[in-house]
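Since every read-out is calculated from the coordinates, none of them should be taken as a lab result. Keep in mind that this is a model prediction, so the values were computed, not measured. Please note: Cβ atoms are built from the backbone with ideal geometry, for glycine as well, and neighbour counts cover all protein chains shown.
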Amino acid sequence: MLVRPRLLQPAPLRDAHTICLRCLQRLSRAAPPSRRTLSSTAPVKDAVATVRHPRSAFKKEYFWGNGILEEVLSGAKRGVWSSSASAGQDGSIEASPAIQQTADTPAERVTTSTTATTPSLLKEELPHRRRKRLREEARLSEPQPESEPTIPLDASSQLSTLSQTLPTHSLRRLITTYLSLSKPRLTFLVVLTTTAAYSLYPVPALLSPALTDTPSLSTLTLLFLTTGTALCSASANALNMLLEPAHDAKMSRTRNRPLVRGLISKRGALLFALVTGALGTAGLYVGVNPTTAFLGALNIALYAGCYTPLKRVHVLNTWVGAVVGGIPPLMGWAAAAGQCASHDAGWRELLFGEGSAGGWLLAALLFAWQFPHFNALSWTIRDEYKYAGYRMLAWTNPARNGRVALRYSLLMFPVCVGLAVAGVTDYGFVVTSAAVNGWMTWQAWRFWRYEGLKGSARGLFWASVWHLPIVLVLAMVHKRGLWERVWRSLTGRGGGEDEEWEYEDEVPAVGKEALPA
């Protein structure tokens, strides 16, 4: 009787003839190099170690003679591997039919499996698993798409984070919290477009220096205009936050706003919105004119009362928001027109009178600019808009989202031409603005072509961010009559002969007699 020390105890029923680890190592060393598929590496050790039996549990099978093991060992030494056990291509050991004998007693009769393998290394790969693995390898070998573009953090969120780090009852924390309610970046953009339209108004004093009695634009009026516009914008933004804190909490870009984080109560936010709205409208009424004050109040009503609730109802909210963005240039234009018109000028003369086309063209420029800018921005967080319940084209109809951005980018060209035709700028503005408009249109075409992928959304967003200030600055540089006035001031000369004759025609007859020959 052959007794092999430290043989593994046969597992109950199914693993009655399991070979011990030492025997497996001997088999691996005895096999020819080309046929060595067994090793004493960690996976095999782990596989054998998975069957743990108490050392004290000895059965009579432990002391049996293992003739089959002798046959395997002798065959391995002679190089005859297949007579007792053969190794599969994937490392599995196929036992000979002799190993598949039953146990000694009918009660313990079991049939071992035809393969004694480890689950991780010695399992044959099935066809469907092989196909799945190949598909996964092919997917991993393909170039990975670019990560979605990131957008700048919301200024209100940044200020809220800063406010939370300040002492609880400090004045600085109070100011920072209320400032975050006004959405500073958006408010600055509104004030910028208002003052740009104010400065672009064709004042007669700039066009004809000889008319010294014609009033120029007032600095005090500009101060009332900028302050009142900023306060109205802060009121509208505070009401916007007040109406949707639960929805802002669902988006990463807005979840840090002051009302979401509880830095200020709803009562305090409402009080801030009412005070800023009243002060802004009153300042525009007293320091500018009633028409501008009405436009400021209208902007608050449209943004807080129409645009904000419509975001969760229909995609037309984007068009309503674009109208809100187009009103500030009209406010600046009406403020400048009120100083050059008669004392009894009403809203019809300021908004629809002679020379009012420039204000509407600037409003159209801002209206069209909203779509490439917001459509690119919303695409980057379209899933969050969907989760928060906001109906935006970015997720309801991505193809249309790109088409709308491209369509309104093309609208920039005729608007800039119209500003030159209306006499607001010279015709050099058509050429210089075409380069900037072409850049944003190209980015909008890529955004539509790739549906936001391949960095097209990021490219269009930043193109729109730079486009607006560049176009407005170019319009002010190319303002009609500006360079003629600069040239006259540098040379110290007035207008040419034609302008002198025109000036003489405008002098009263009594004045002509007093003129020297």
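Only Lys, Arg, Asp and Glu carry charge here, each on its Cβ (+1 for the first two, -1 for the last two); on that basis segment 154-346 has a dipole of about 1080 debye about its Cα centre.
Shape class of segment 154-346 from the Cα gyration tensor (axes a ≥ b ≥ c, square roots of the eigenvalues): prolate, since a/c reaches 1.5 or more and a/b is larger than b/c. Set the bar at 30 Å for Cα to Cα. Now go through LYS266/LYS311; LYS132/LYS250; LYS183/LYS250 and name every pair that lies beyond it. Pairs exceeding the cut-off: LYS132/LYS250. For the peptides 125-138, 228-241, the ranking by mean Cβ contacts within 10 Å, running from highest to lowest, is 228-241, 125-138.
A dipole drawn for segment 334-452 from +1 and -1 charges on Cβ atoms has a positive end, and of GLN339, VAL436, TRP379 the residue lying farthest that way is TRP379.
Placing unit charges on C-beta atoms (Lys and Arg positive, Asp and Glu negative, everything else neutral), compute the dipole magnitude of segment 356-480 about its Cα centre in debye, rounded to 20. Could the numbers behind the result be given before it?
On the way: 12 positive and 4 negative charges, 54 e Å.
For this selection, approximately 260 debye.
Ranked highest first by average number of other Cβ atoms within 10 Å, how do 432-439, 167-174, 443-450 line up? Before the final figure, lay out each step's value.
Details: 432-439: 16.9, 167-174: 10.9, 443-450: 21.4.
By packing density, highest mean first, the sequence is 443-450, 432-439, 167-174.
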